[in-house]
Amino acid sequence: MKRFVILFFACALFFSSCSGYLDKYPLDTPSDQTFLANETEMEMALAGCYTPIWVSNGTSLSYLVVFEELSDNGYERGPNAVTELGQGSADALNSFVLDSWTEFYRGIARCNYLLSNMSRGEAAVSAATCARIQAEAKFLRAFYYSYLVELFGDVPLLTEPVTLAEAQLPRTAKSQVVDLILKDLTEAAAVLSPVNNPTSGRPSKGAALALKARTALYGGRWQDAVSAASEVMAMEGSQYIIDPDYAGLFTYPGQTSKETVFSIQYLKGQSVHAAYGVFGSRNGRGATSRKPAYQLQDVYECIDGLPIDKSPLYDPQHPYENRDPRLQYTLAVPGSEFLGFQFETHGDSLQCWNYLTSPPSRVDNLDATHAYATFTGICWRKYANVEDRLAGTNCDNNIIVMRYAELLLIYAEAKIKAGQIDDSVLEAINKVRQRPSVNMPPVTTRDPDELFQAVARERRYELSGEGQRLFDIRRWKIAEEVMNLPLLGRMKKSYPAKPPRINQWANVHYEDTDIPVAEPGQSTDFAMRVVDIRKFNPNKDYVWPIPYIERRTNPNLTQNPGWE
(Lines give C-alpha, C1' and ligand atoms only; values in the text may rest on other atoms or scores of the structure.)
Protein backbone atom coordinates (compact mmCIF):
# COMPACT_ATOMS: atom_id res chain seq x y z
CA MET A 1 0.00 0.00 0.00
CA LYS A 2 2.38 2.64 -1.27
CA ARG A 3 -0.33 5.29 -0.88
CA PHE A 4 0.83 5.49 2.74
CA VAL A 5 4.08 7.06 1.52
CA ILE A 6 2.21 9.61 -0.60
CA LEU A 7 0.03 10.59 2.35
CA PHE A 8 2.90 10.98 4.74
CA PHE A 9 5.17 12.90 2.41
CA ALA A 10 2.35 15.21 1.39
CA CYS A 11 1.54 15.90 5.04
CA ALA A 12 5.18 16.23 6.00
CA LEU A 13 5.58 19.22 3.68
CA PHE A 14 4.06 21.19 6.55
CA PHE A 15 6.91 20.26 8.83
CA SER A 16 10.32 21.48 7.64
CA SER A 17 11.55 21.88 11.18
CA CYS A 18 14.76 23.45 12.40
CA SER A 19 17.91 21.42 12.89
CA GLY A 20 19.44 20.47 16.23
CA TYR A 21 18.62 17.54 18.46
CA LEU A 22 16.17 19.43 20.69
CA ASP A 23 14.13 20.69 17.70
CA LYS A 24 12.51 23.23 20.01
CA TYR A 25 9.55 23.95 17.75
CA PRO A 26 9.43 20.83 15.59
CA LEU A 27 6.24 21.70 13.75
CA ASP A 28 6.90 25.20 12.46
CA THR A 29 3.87 25.43 10.18
CA PRO A 30 1.17 25.72 11.36
CA SER A 31 2.33 26.82 14.81
CA ASP A 32 -0.64 28.47 16.54
CA GLN A 33 -2.11 27.27 19.78
CA THR A 34 -5.07 25.51 18.15
CA PHE A 35 -3.14 23.06 15.99
CA LEU A 36 -4.05 19.38 16.56
CA ALA A 37 -7.69 20.34 17.04
CA ASN A 38 -9.03 17.70 14.63
CA GLU A 39 -8.18 14.34 13.08
CA THR A 40 -6.63 15.79 9.92
CA GLU A 41 -4.19 17.88 11.92
CA MET A 42 -3.33 14.95 14.15
CA GLU A 43 -2.56 12.80 11.10
CA MET A 44 -0.43 15.64 9.71
CA ALA A 45 1.55 15.77 12.94
CA LEU A 46 1.95 11.99 12.92
CA ALA A 47 3.31 12.28 9.37
CA GLY A 48 6.05 14.51 10.72
CA CYS A 49 6.94 11.82 13.25
CA TYR A 50 7.57 9.31 10.46
CA THR A 51 9.70 11.37 8.09
CA PRO A 52 13.11 10.71 9.75
CA ILE A 53 12.64 7.02 8.91
CA TRP A 54 13.25 7.87 5.25
CA VAL A 55 16.36 9.95 5.85
CA SER A 56 19.47 8.50 4.19
CA ASN A 57 22.02 10.74 5.97
CA GLY A 58 23.63 11.56 2.64
CA THR A 59 24.23 7.91 1.76
CA SER A 60 21.55 7.38 -0.94
CA LEU A 61 20.38 4.38 1.08
CA SER A 62 18.58 3.85 4.36
CA TYR A 63 21.07 4.39 7.19
CA LEU A 64 19.75 1.17 8.75
CA VAL A 65 21.35 -0.79 5.90
CA VAL A 66 24.46 1.41 5.80
CA PHE A 67 25.27 0.25 9.34
CA GLU A 68 26.39 -3.02 7.69
CA GLU A 69 29.35 -1.22 6.13
CA LEU A 70 30.50 -0.19 9.62
CA SER A 71 30.98 -3.82 10.62
CA ASP A 72 33.28 -6.62 9.52
CA ASN A 73 30.65 -7.70 6.98
CA GLY A 74 31.24 -4.92 4.48
CA TYR A 75 32.70 -1.55 3.63
CA GLU A 76 32.06 1.70 1.80
CA ARG A 77 34.56 2.55 -0.91
CA GLY A 78 34.58 6.20 0.16
CA PRO A 79 36.40 8.20 1.26
CA ASN A 80 33.62 9.69 3.33
CA ALA A 81 32.18 9.82 6.84
CA VAL A 82 31.03 6.19 6.71
CA THR A 83 34.50 5.03 5.67
CA GLU A 84 36.07 6.96 8.56
CA LEU A 85 33.86 5.18 11.07
CA GLY A 86 34.71 1.77 9.64
CA GLN A 87 38.42 2.56 9.67
CA GLY A 88 38.38 3.86 13.23
CA SER A 89 39.55 7.32 12.12
CA ALA A 90 36.38 9.28 12.87
CA ASP A 91 36.09 12.05 15.44
CA ALA A 92 33.29 14.09 16.96
CA LEU A 93 33.02 16.14 13.75
CA ASN A 94 32.00 13.10 11.69
CA SER A 95 28.99 14.05 9.58
CA PHE A 96 27.34 10.61 9.62
CA VAL A 97 27.47 10.62 13.42
CA LEU A 98 25.96 14.11 13.53
CA ASP A 99 23.27 13.32 10.98
CA SER A 100 22.24 10.18 12.83
CA TRP A 101 22.00 12.04 16.14
CA THR A 102 20.11 14.94 14.58
CA GLU A 103 17.57 12.89 12.66
CA PHE A 104 16.76 10.50 15.50
CA TYR A 105 16.22 13.44 17.82
CA ARG A 106 14.18 15.23 15.18
CA GLY A 107 11.83 12.26 15.16
CA ILE A 108 11.71 12.18 18.96
CA ALA A 109 10.91 15.90 19.15
CA ARG A 110 8.04 15.52 16.72
CA CYS A 111 6.65 12.56 18.67
CA ASN A 112 6.90 14.54 21.91
CA TYR A 113 5.07 17.50 20.38
CA LEU A 114 2.23 15.29 19.22
CA LEU A 115 1.96 13.32 22.44
CA SER A 116 2.01 16.47 24.59
CA ASN A 117 -0.54 18.44 22.57
CA MET A 118 -3.00 16.00 21.04
CA SER A 119 -5.36 16.53 23.98
CA ARG A 120 -6.45 19.69 22.12
CA GLY A 121 -8.41 17.57 19.68
CA GLU A 122 -9.68 14.77 21.88
CA ALA A 123 -13.20 16.20 21.96
CA ALA A 124 -13.41 16.21 18.16
CA VAL A 125 -11.67 12.92 17.41
CA SER A 126 -12.84 9.43 18.33
CA ALA A 127 -11.17 7.78 21.29
CA ALA A 128 -10.05 4.86 19.10
CA THR A 129 -8.34 7.17 16.60
CA CYS A 130 -6.62 9.15 19.34
CA ALA A 131 -5.39 5.96 20.95
CA ARG A 132 -4.04 4.63 17.65
CA ILE A 133 -2.22 7.89 16.82
CA GLN A 134 -0.76 8.01 20.31
CA ALA A 135 0.40 4.40 20.03
CA GLU A 136 2.12 5.00 16.69
CA ALA A 137 3.90 8.05 18.10
CA LYS A 138 5.09 6.04 21.10
CA PHE A 139 6.35 3.28 18.82
CA LEU A 140 8.30 5.79 16.73
CA ARG A 141 9.76 7.55 19.76
CA ALA A 142 10.92 4.18 21.06
CA PHE A 143 12.28 3.28 17.62
CA TYR A 144 14.46 6.40 17.45
CA TYR A 145 15.65 6.06 21.04
CA SER A 146 16.52 2.39 20.49
CA TYR A 147 19.11 3.36 17.88
CA LEU A 148 20.41 6.34 19.85
CA VAL A 149 21.25 4.31 22.95
CA GLU A 150 22.94 1.55 20.95
CA LEU A 151 25.05 4.03 19.00
CA PHE A 152 25.85 6.59 21.70
CA GLY A 153 25.13 4.97 25.07
CA ASP A 154 23.80 7.53 27.56
CA VAL A 155 21.76 10.23 25.78
CA PRO A 156 19.48 13.10 26.85
CA LEU A 157 16.02 11.75 27.62
CA LEU A 158 13.24 14.00 26.33
CA THR A 159 9.59 13.07 26.77
CA GLU A 160 7.98 16.45 26.09
CA PRO A 161 8.79 19.60 24.11
CA VAL A 162 11.35 21.91 25.68
CA THR A 163 11.92 25.62 25.38
CA LEU A 164 15.26 27.21 24.62
CA ALA A 165 15.71 27.99 28.31
CA GLU A 166 15.24 24.29 29.11
CA ALA A 167 17.56 23.04 26.41
CA GLN A 168 20.75 22.54 28.41
CA LEU A 169 20.04 18.94 29.36
CA PRO A 170 22.62 16.39 30.53
CA ARG A 171 22.78 12.81 29.34
CA THR A 172 20.55 10.19 30.95
CA ALA A 173 21.80 6.73 31.83
CA LYS A 174 21.17 4.22 29.06
CA SER A 175 19.25 1.97 31.43
CA GLN A 176 16.72 4.72 32.12
CA VAL A 177 16.25 5.38 28.41
CA VAL A 178 15.70 1.67 27.85
CA ASP A 179 13.07 1.78 30.60
CA LEU A 180 11.17 4.40 28.59
CA ILE A 181 11.56 2.45 25.35
CA LEU A 182 10.12 -0.71 26.87
CA LYS A 183 7.30 1.25 28.53
CA ASP A 184 6.37 3.03 25.29
CA LEU A 185 6.38 -0.23 23.35
CA THR A 186 4.31 -2.06 25.96
CA GLU A 187 1.71 0.70 25.84
CA ALA A 188 1.78 0.85 22.05
CA ALA A 189 1.37 -2.91 21.71
CA ALA A 190 -1.75 -2.80 23.88
CA VAL A 191 -3.44 -0.52 21.34
CA LEU A 192 -2.03 -1.26 17.89
CA SER A 193 -3.79 -3.67 15.58
CA PRO A 194 -2.69 -7.32 15.78
CA VAL A 195 -3.11 -7.60 12.02
CA ASN A 196 0.24 -7.69 10.23
CA ASN A 197 0.12 -5.79 6.94
CA PRO A 198 3.71 -5.89 5.60
CA THR A 199 3.14 -3.04 3.16
CA SER A 200 1.19 -0.68 5.40
CA GLY A 201 4.25 1.22 6.62
CA ARG A 202 2.60 1.45 10.03
CA PRO A 203 3.56 -0.55 13.11
CA SER A 204 1.31 -3.36 14.29
CA LYS A 205 1.11 -4.92 17.73
CA GLY A 206 3.67 -7.48 16.59
CA ALA A 207 6.07 -4.75 15.44
CA ALA A 208 5.91 -3.04 18.83
CA LEU A 209 6.54 -6.34 20.62
CA ALA A 210 9.35 -7.30 18.25
CA LEU A 211 11.12 -3.98 18.80
CA LYS A 212 10.60 -4.44 22.54
CA ALA A 213 12.17 -7.90 22.33
CA ARG A 214 15.16 -6.59 20.36
CA THR A 215 15.71 -3.67 22.72
CA ALA A 216 15.44 -5.90 25.78
CA LEU A 217 17.90 -8.41 24.28
CA TYR A 218 20.41 -5.68 23.48
CA GLY A 219 20.01 -4.33 27.02
CA GLY A 220 20.53 -7.71 28.69
CA ARG A 221 16.96 -7.90 29.95
CA TRP A 222 16.47 -11.52 29.08
CA GLN A 223 13.04 -12.16 30.56
CA ASP A 224 11.55 -9.04 28.97
CA ALA A 225 12.94 -10.21 25.62
CA VAL A 226 11.54 -13.73 26.07
CA SER A 227 8.10 -12.45 27.09
CA ALA A 228 7.79 -9.98 24.22
CA ALA A 229 9.06 -12.47 21.65
CA SER A 230 6.69 -15.14 22.97
CA GLU A 231 3.71 -12.88 22.33
CA VAL A 232 4.73 -12.46 18.71
CA MET A 233 5.39 -16.19 18.34
CA ALA A 234 1.84 -16.82 19.54
CA MET A 235 0.70 -15.09 16.33
CA GLU A 236 2.71 -17.41 14.07
CA GLY A 237 0.62 -18.72 11.22
CA SER A 238 -2.14 -16.15 11.47
CA GLN A 239 0.08 -13.06 11.20
CA TYR A 240 3.72 -14.17 10.87
CA ILE A 241 5.53 -16.97 9.07
CA ILE A 242 9.00 -18.09 8.13
CA ASP A 243 8.72 -17.52 4.39
CA PRO A 244 9.69 -20.61 2.36
CA ASP A 245 11.53 -18.35 -0.11
CA TYR A 246 14.46 -16.68 1.65
CA ALA A 247 15.86 -14.97 -1.45
CA GLY A 248 12.47 -13.53 -2.37
CA LEU A 249 12.21 -11.50 0.84
CA PHE A 250 14.44 -8.77 -0.61
CA THR A 251 12.73 -8.46 -4.00
CA TYR A 252 9.71 -6.50 -5.16
CA PRO A 253 7.36 -9.53 -5.05
CA GLY A 254 8.63 -10.30 -1.55
CA GLN A 255 7.38 -7.03 -0.09
CA THR A 256 4.08 -8.67 0.86
CA SER A 257 5.71 -11.55 2.77
CA LYS A 258 4.24 -12.24 6.20
CA GLU A 259 7.76 -12.72 7.49
CA THR A 260 8.18 -8.94 7.42
CA VAL A 261 7.28 -7.45 10.79
CA PHE A 262 8.10 -3.81 9.98
CA SER A 263 9.62 -2.19 6.92
CA ILE A 264 10.38 1.24 5.51
CA GLN A 265 8.12 1.97 2.56
CA TYR A 266 9.37 3.64 -0.62
CA LEU A 267 7.60 4.98 -3.71
CA LYS A 268 8.98 6.49 -6.90
CA GLY A 269 8.29 10.19 -7.05
CA GLN A 270 8.08 10.41 -3.26
CA SER A 271 10.93 8.58 -1.57
CA VAL A 272 13.50 6.34 -3.26
CA HIS A 273 16.90 4.86 -2.57
CA ALA A 274 19.93 3.74 -4.57
CA ALA A 275 20.34 0.10 -3.51
CA TYR A 276 20.81 -1.06 -7.09
CA GLY A 277 23.30 1.69 -7.83
CA VAL A 278 25.52 1.06 -4.81
CA PHE A 279 25.23 -2.76 -4.75
CA GLY A 280 24.95 -3.58 -8.45
CA SER A 281 27.76 -5.04 -10.54
CA ARG A 282 29.59 -3.07 -13.21
CA ASN A 283 28.10 -5.20 -15.96
CA GLY A 284 24.70 -4.45 -14.51
CA ARG A 285 25.34 -0.67 -14.57
CA GLY A 286 25.94 -0.47 -10.83
CA ALA A 287 28.77 1.34 -9.07
CA THR A 288 29.55 -1.41 -6.50
CA SER A 289 30.52 1.30 -4.03
CA ARG A 290 29.26 -0.77 -1.09
CA LYS A 291 30.63 -4.27 -0.99
CA PRO A 292 30.77 -7.28 1.31
CA ALA A 293 34.09 -8.45 2.69
CA TYR A 294 35.60 -11.50 1.01
CA GLN A 295 35.76 -13.07 4.48
CA LEU A 296 31.96 -13.15 4.60
CA GLN A 297 31.73 -15.77 1.87
CA ASP A 298 33.88 -18.13 3.96
CA VAL A 299 31.61 -17.79 6.99
CA TYR A 300 28.75 -19.93 5.67
CA GLU A 301 28.64 -23.62 6.53
CA CYS A 302 28.57 -26.52 4.15
CA ILE A 303 25.26 -28.31 3.70
CA ASP A 304 26.31 -30.89 6.30
CA GLY A 305 26.20 -28.13 8.94
CA LEU A 306 29.98 -28.00 9.38
CA PRO A 307 32.23 -24.97 8.78
CA ILE A 308 34.39 -25.09 5.68
CA ASP A 309 37.54 -25.91 7.67
CA LYS A 310 35.84 -29.02 9.11
CA SER A 311 33.55 -30.28 6.34
CA PRO A 312 34.67 -33.00 3.90
CA LEU A 313 32.25 -31.49 1.39
CA TYR A 314 34.28 -28.30 0.98
CA ASP A 315 36.40 -28.03 -2.17
CA PRO A 316 38.68 -24.94 -2.15
CA GLN A 317 38.76 -24.94 -5.96
CA HIS A 318 34.94 -24.93 -6.12
CA PRO A 319 34.23 -22.96 -2.96
CA TYR A 320 30.55 -22.21 -3.62
CA GLU A 321 29.40 -25.79 -4.04
CA ASN A 322 27.72 -27.67 -1.19
CA ARG A 323 27.26 -24.52 0.88
CA ASP A 324 24.42 -23.08 2.95
CA PRO A 325 22.06 -21.68 0.27
CA ARG A 326 21.94 -18.35 2.12
CA LEU A 327 25.49 -17.71 0.91
CA GLN A 328 24.31 -17.20 -2.66
CA TYR A 329 20.99 -15.66 -1.63
CA THR A 330 22.93 -12.96 0.24
CA LEU A 331 25.99 -12.54 -1.99
CA ALA A 332 26.63 -12.53 -5.71
CA VAL A 333 29.60 -14.88 -6.06
CA PRO A 334 31.78 -15.75 -9.07
CA GLY A 335 30.08 -18.16 -11.45
CA SER A 336 26.54 -17.13 -10.54
CA GLU A 337 24.04 -15.11 -12.56
CA PHE A 338 23.63 -11.60 -11.21
CA LEU A 339 21.44 -8.83 -12.62
CA GLY A 340 21.16 -10.56 -15.98
CA PHE A 341 24.86 -11.30 -16.48
CA GLN A 342 27.29 -14.08 -15.76
CA PHE A 343 29.09 -12.74 -12.70
CA GLU A 344 32.79 -13.54 -12.82
CA THR A 345 35.66 -11.66 -11.20
CA HIS A 346 38.58 -13.88 -12.25
CA GLY A 347 41.23 -11.64 -13.77
CA ASP A 348 41.40 -13.64 -17.02
CA SER A 349 37.64 -13.62 -17.58
CA LEU A 350 37.64 -10.87 -20.19
CA GLN A 351 34.18 -11.70 -21.52
CA CYS A 352 31.01 -13.04 -19.96
CA TRP A 353 27.44 -13.95 -20.88
CA ASN A 354 24.70 -11.34 -21.12
CA TYR A 355 21.45 -13.20 -20.39
CA LEU A 356 19.31 -10.14 -21.04
CA THR A 357 19.54 -10.70 -24.79
CA SER A 358 17.83 -13.47 -26.70
CA PRO A 359 19.75 -15.59 -27.31
CA PRO A 360 22.39 -14.80 -24.64
CA SER A 361 25.41 -12.98 -26.02
CA ARG A 362 29.07 -12.56 -25.11
CA VAL A 363 30.07 -9.11 -23.86
CA ASP A 364 33.13 -7.46 -22.32
CA ASN A 365 33.33 -8.40 -18.65
CA LEU A 366 33.56 -5.15 -16.71
CA ASP A 367 33.41 -7.00 -13.41
CA ALA A 368 36.91 -8.32 -14.09
CA THR A 369 38.43 -5.35 -15.91
CA HIS A 370 36.84 -2.12 -14.64
CA ALA A 371 39.01 -0.13 -12.26
CA TYR A 372 36.10 0.30 -9.84
CA ALA A 373 34.55 -3.14 -10.09
CA THR A 374 34.06 -4.88 -6.77
CA PHE A 375 37.42 -4.96 -4.99
CA THR A 376 36.40 -7.99 -2.94
CA GLY A 377 35.31 -10.22 -5.82
CA ILE A 378 31.72 -10.46 -4.58
CA CYS A 379 28.67 -8.19 -4.35
CA TRP A 380 25.65 -7.78 -2.12
CA ARG A 381 22.64 -9.49 -3.69
CA LYS A 382 19.98 -8.42 -1.18
CA TYR A 383 17.97 -5.42 -2.46
CA ALA A 384 19.81 -5.37 -5.82
CA ASN A 385 16.95 -6.20 -8.20
CA VAL A 386 17.21 -6.36 -11.97
CA GLU A 387 13.98 -4.35 -12.33
CA ASP A 388 15.99 -1.26 -11.31
CA ARG A 389 18.86 -1.69 -13.79
CA LEU A 390 17.90 1.33 -15.93
CA ALA A 391 17.49 3.66 -12.93
CA GLY A 392 19.81 2.42 -10.22
CA THR A 393 19.33 5.45 -7.97
CA ASN A 394 15.54 5.41 -8.27
CA CYS A 395 14.63 2.21 -6.40
CA ASP A 396 11.50 1.85 -4.32
CA ASN A 397 11.56 -1.68 -2.96
CA ASN A 398 10.90 -1.57 0.77
CA ILE A 399 13.73 -1.98 3.28
CA ILE A 400 13.05 -4.50 6.04
CA VAL A 401 13.66 -3.25 9.58
CA MET A 402 12.51 -6.36 11.45
CA ARG A 403 11.38 -9.80 10.31
CA TYR A 404 10.09 -12.89 12.03
CA ALA A 405 13.30 -14.89 11.61
CA GLU A 406 15.18 -12.31 13.69
CA LEU A 407 12.43 -12.49 16.31
CA LEU A 408 12.91 -16.25 16.65
CA LEU A 409 16.65 -15.81 17.07
CA ILE A 410 16.05 -13.10 19.68
CA TYR A 411 13.84 -15.52 21.59
CA ALA A 412 16.43 -18.29 21.42
CA GLU A 413 19.31 -16.08 22.54
CA ALA A 414 17.36 -14.56 25.42
CA LYS A 415 16.21 -17.99 26.64
CA ILE A 416 19.79 -19.28 26.57
CA LYS A 417 21.08 -16.26 28.47
CA ALA A 418 18.26 -16.60 31.00
CA GLY A 419 19.24 -20.22 31.64
CA GLN A 420 15.95 -21.52 30.21
CA ILE A 421 17.14 -23.94 27.55
CA ASP A 422 14.29 -26.20 26.44
CA ASP A 423 12.79 -27.67 23.27
CA SER A 424 11.39 -24.28 22.26
CA VAL A 425 14.90 -22.85 21.92
CA LEU A 426 15.99 -25.51 19.45
CA GLU A 427 12.67 -25.25 17.64
CA ALA A 428 13.08 -21.50 17.17
CA ILE A 429 16.61 -21.82 15.78
CA ASN A 430 15.73 -24.68 13.50
CA LYS A 431 12.67 -22.99 12.05
CA VAL A 432 15.11 -20.42 10.68
CA ARG A 433 17.65 -22.99 9.51
CA GLN A 434 15.14 -25.33 7.93
CA ARG A 435 12.92 -23.11 5.84
CA PRO A 436 12.42 -25.00 2.53
CA SER A 437 14.75 -22.82 0.46
CA VAL A 438 17.56 -23.21 3.02
CA ASN A 439 17.06 -26.64 4.66
CA MET A 440 20.22 -26.75 6.76
CA PRO A 441 20.74 -29.51 9.35
CA PRO A 442 19.14 -28.84 12.73
CA VAL A 443 21.05 -27.60 15.75
CA THR A 444 20.86 -30.25 18.48
CA THR A 445 23.29 -29.24 21.25
CA ARG A 446 21.94 -28.13 24.62
CA ASP A 447 25.28 -27.00 26.01
CA PRO A 448 24.71 -23.32 26.94
CA ASP A 449 27.97 -22.01 25.47
CA GLU A 450 27.73 -24.06 22.28
CA LEU A 451 24.09 -23.15 21.82
CA PHE A 452 24.71 -19.43 22.32
CA GLN A 453 27.51 -19.50 19.76
CA ALA A 454 25.24 -21.41 17.38
CA VAL A 455 22.72 -18.58 17.64
CA ALA A 456 25.46 -15.99 17.14
CA ARG A 457 26.58 -17.77 13.99
CA GLU A 458 23.01 -18.15 12.80
CA ARG A 459 22.42 -14.41 13.09
CA ARG A 460 25.35 -13.86 10.75
CA TYR A 461 24.16 -16.44 8.22
CA GLU A 462 20.60 -15.17 8.32
CA LEU A 463 20.89 -11.40 8.75
CA SER A 464 24.03 -10.34 6.85
CA GLY A 465 23.34 -7.35 4.63
CA GLU A 466 20.46 -6.10 6.79
CA GLY A 467 22.23 -3.72 9.19
CA GLN A 468 22.30 -5.94 12.29
CA ARG A 469 25.95 -6.99 12.44
CA LEU A 470 27.26 -3.72 13.88
CA PHE A 471 25.09 -4.09 16.97
CA ASP A 472 25.87 -7.78 17.36
CA ILE A 473 29.65 -7.38 17.42
CA ARG A 474 29.30 -4.53 19.90
CA ARG A 475 27.03 -6.27 22.40
CA TRP A 476 28.99 -9.53 22.22
CA LYS A 477 32.21 -7.53 22.74
CA ILE A 478 33.94 -9.11 19.74
CA ALA A 479 34.32 -5.90 17.74
CA GLU A 480 37.87 -5.47 19.02
CA GLU A 481 38.72 -8.83 17.46
CA VAL A 482 36.94 -8.60 14.11
CA MET A 483 37.41 -4.88 13.44
CA ASN A 484 41.17 -4.98 13.91
CA LEU A 485 41.61 -7.30 10.95
CA PRO A 486 42.07 -6.07 7.37
CA LEU A 487 39.05 -6.33 5.13
CA LEU A 488 40.08 -8.54 2.22
CA GLY A 489 39.34 -9.09 -1.46
CA ARG A 490 39.70 -12.24 -3.53
CA MET A 491 42.84 -13.58 -5.19
CA LYS A 492 42.31 -12.23 -8.67
CA LYS A 493 43.44 -15.27 -10.66
CA SER A 494 43.11 -18.20 -8.27
CA TYR A 495 41.39 -19.58 -5.21
CA PRO A 496 43.10 -20.48 -1.94
CA ALA A 497 44.34 -24.06 -1.81
CA LYS A 498 43.15 -24.60 1.77
CA PRO A 499 40.28 -23.22 3.81
CA PRO A 500 40.87 -20.62 6.52
CA ARG A 501 40.18 -21.20 10.19
CA ILE A 502 36.60 -20.52 11.23
CA ASN A 503 36.18 -19.86 14.95
CA GLN A 504 33.17 -20.42 17.19
CA TRP A 505 31.71 -17.00 16.29
CA ALA A 506 31.91 -17.71 12.53
CA ASN A 507 34.80 -15.27 12.24
CA VAL A 508 37.42 -16.06 9.61
CA HIS A 509 41.18 -16.19 10.21
CA TYR A 510 43.76 -16.76 7.47
CA GLU A 511 46.99 -16.50 9.45
CA ASP A 512 47.61 -20.25 9.79
CA THR A 513 46.86 -21.20 6.18
CA ASP A 514 48.74 -21.04 2.89
CA ILE A 515 46.66 -18.07 1.75
CA PRO A 516 48.98 -15.16 0.95
CA VAL A 517 47.82 -11.65 1.78
CA ALA A 518 49.26 -8.88 -0.36
CA GLU A 519 50.52 -5.64 1.09
CA PRO A 520 48.30 -2.70 0.15
CA GLY A 521 49.17 -1.59 -3.39
CA GLN A 522 50.94 -4.80 -4.39
CA SER A 523 49.88 -7.19 -7.17
CA THR A 524 46.97 -9.36 -6.10
CA ASP A 525 46.75 -11.93 -8.90
CA PHE A 526 47.67 -14.77 -6.55
CA ALA A 527 47.24 -13.12 -3.15
CA MET A 528 44.33 -11.79 -1.13
CA ARG A 529 43.87 -8.09 -1.69
CA VAL A 530 43.84 -5.75 1.32
CA VAL A 531 40.80 -3.62 0.58
CA ASP A 532 40.46 -1.67 3.80
CA ILE A 533 42.54 -1.27 6.95
CA ARG A 534 40.36 -1.34 10.03
CA LYS A 535 41.20 -0.06 13.50
CA PHE A 536 39.08 -0.48 16.60
CA ASN A 537 39.98 0.88 20.02
CA PRO A 538 38.01 -1.04 22.66
CA ASN A 539 38.48 1.85 25.10
CA LYS A 540 36.29 4.13 22.99
CA ASP A 541 34.87 2.58 19.82
CA TYR A 542 32.05 0.58 21.36
CA VAL A 543 30.07 3.83 21.25
CA TRP A 544 30.16 6.82 18.92
CA PRO A 545 31.24 10.29 20.03
CA ILE A 546 28.69 12.89 21.06
CA PRO A 547 28.74 15.28 18.07
CA TYR A 548 31.02 18.28 18.48
CA ILE A 549 28.37 20.92 17.71
CA GLU A 550 25.98 19.46 20.28
CA ARG A 551 28.54 19.82 23.06
CA ARG A 552 29.44 23.33 21.92
CA THR A 553 25.81 24.42 22.21
CA ASN A 554 25.10 22.38 25.35
CA PRO A 555 27.99 22.36 27.87
CA ASN A 556 26.06 19.90 30.07
CA LEU A 557 26.63 17.13 27.53
CA THR A 558 29.61 15.04 28.55
CA GLN A 559 31.70 13.20 25.95
CA ASN A 560 32.05 9.43 25.72
CA PRO A 561 35.39 8.11 27.07
CA GLY A 562 38.31 8.32 24.66
CA TRP A 563 36.66 10.85 22.33
CA GLU A 564 37.47 14.53 22.20
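What is the helix-to-structure angle for 205-218, meaning the angle in degrees between its Cα long axis and the longest Cα principal axis of the chain, kept from 0 to 90 and rounded to the nearest 10?
70 degrees
Of all the C-alpha pairs in segment 448-564, what % are more than 26 Å from each other? Please list the in-between numbers first.
On the way: 2690 of 6786 pairs.
Beyond 26 Å sits 40 percent of the P(r) for segment 448-564.
Find the percent of Cα-Cα distances in segment 366-482 that exceed 17 Å, and round it to a whole number.
66 percent
In segment 113-207, what GluC sites (Glu not before Pro) fall in a loop by DSSP, with at most 16 other Cβ atoms inside 10 Å?
Numbers: sites: E122, E136, E150, E166, E187; in loops: E122.
Passing both the DSSP loop test and the Cβ count: E122.
Taking segment 465-517 as the region of interest, what is the percent of Cα-Cα pairs per 5 angstrom bin, listed from the shortest bin to the one with the maximum distance?
Pairs per bin, as whole percents: 4, 15, 23, 24, 15, 13, 5, 0.
Which loop-located trypsin sites (Lys or Arg not before Pro) does segment 444-476 contain, where loop means any DSSP state but H, G, I, E or B and the Cβ has at most 16 other Cβ atoms within 10 Å?
The qualifying sites are R446.
In Å, what Rg and Dmax follow from the Cα atoms of the chain?
23.6, 75
Across the Cα atoms of segment 512-564, what radius of gyration and what greatest pairwise Cα-Cα distance (Dmax) are found, in Å?
Gyration radius and largest Cα-Cα distance of segment 512-564: 19.3, 55 Å.
With angles folded into 0 to 90 degrees, how steeply does helix 404-417 sit against the dominant principal axis of the chain? Use alpha carbons for both and round to 10.
Taking the Cα atoms of the chain, the angle to 404-417 is about 90 degrees.
For segment 37-68 and segment 447-483, what is the centre-to-centre distance using only Cα atoms, to the nearest Å?
29 Å
Where a ≥ b ≥ c are the square roots of the eigenvalues of the C-alpha gyration tensor, would you call segment 133-234 rounded, which needs a/c under 1.5, or, failing that, prolate if a/b is larger than b/c, or oblate?
Oblate.
Work the Kirkwood hydrodynamic radius out for segment 294-346: mean of 1/r over every pair of different alpha-carbon atoms, inverted, in Å.
Numbers: mean 1/r = 0.0868 Å⁻¹.
For segment 294-346, the Kirkwood estimate is 11.5 Å.
Only loop residues by DSSP count here, and only those with at most 12 other Cβ atoms within 10 Å; note down the chymotrypsin sites (Phe, Trp or Tyr not before Pro) in segment 347-429 that meet that.
Counting only loop positions with at most 12 other Cβ atoms within 10 Å, the chymotrypsin sites (Phe, Trp or Tyr not before Pro) in segment 347-429 are Y372.
Please calculate how many Å² of accessible area the chain carries per residue, with a 1.4 Å probe and no DNA, RNA or ligand atoms counted. Before the final figure, lay out each step's value.
Numbers: 20600 Å² over 564 residues.
The answer is 37 Å² per residue.
If you average the C-alpha positions of segment 243-266 and of segment 159-177 separately, how far apart do those two centres end up, in angstrom?
37 Å
Quick check: convex hull of the Cα atoms in segment 332-371, volume per residue, rounded to a whole Å³?
Here the figure is 62 Å³ per residue.
Taking amide H positions as placed 1.01 Å from N in the peptide plane, with prolines and chain starts having none, which residues 5 or more places from M402, or on another chain, fall under 5 Å of its amide H?
V261, F262
With each run of n ≥ 4 DSSP H residues scored as -39500 (n - 2.57), what mean residue ellipticity at 222 nm is computed for the chain after dividing by its residue count and rounding to the nearest 500 deg cm²/dmol?
Working: 19 runs with 202 residues, N = 564.
-10500 deg cm²/dmol, from helical runs alone.
Which lysines, if any, have their Cα less than 23 Å from the Cα of K212, not counting same-chain residues under 8 positions apart?
K138, K174, K183, K258, K415, K417, K431, K477
The values are calculated or read from the model by the stated rules, or taken from the named source; none is laboratory data. Source: prediction; values computed, not measured. For neighbour counting, all protein chains shown are included, and Cβ atoms are generated from backbone atoms with ideal geometry for every residue, glycine included. These accessible areas exclude ligands, DNA and RNA; they are computed on the full protein's heavy atoms, side chains included. Shrake-Rupley method; radii C 1.70, N 1.55, O 1.52, S 1.80 Å.
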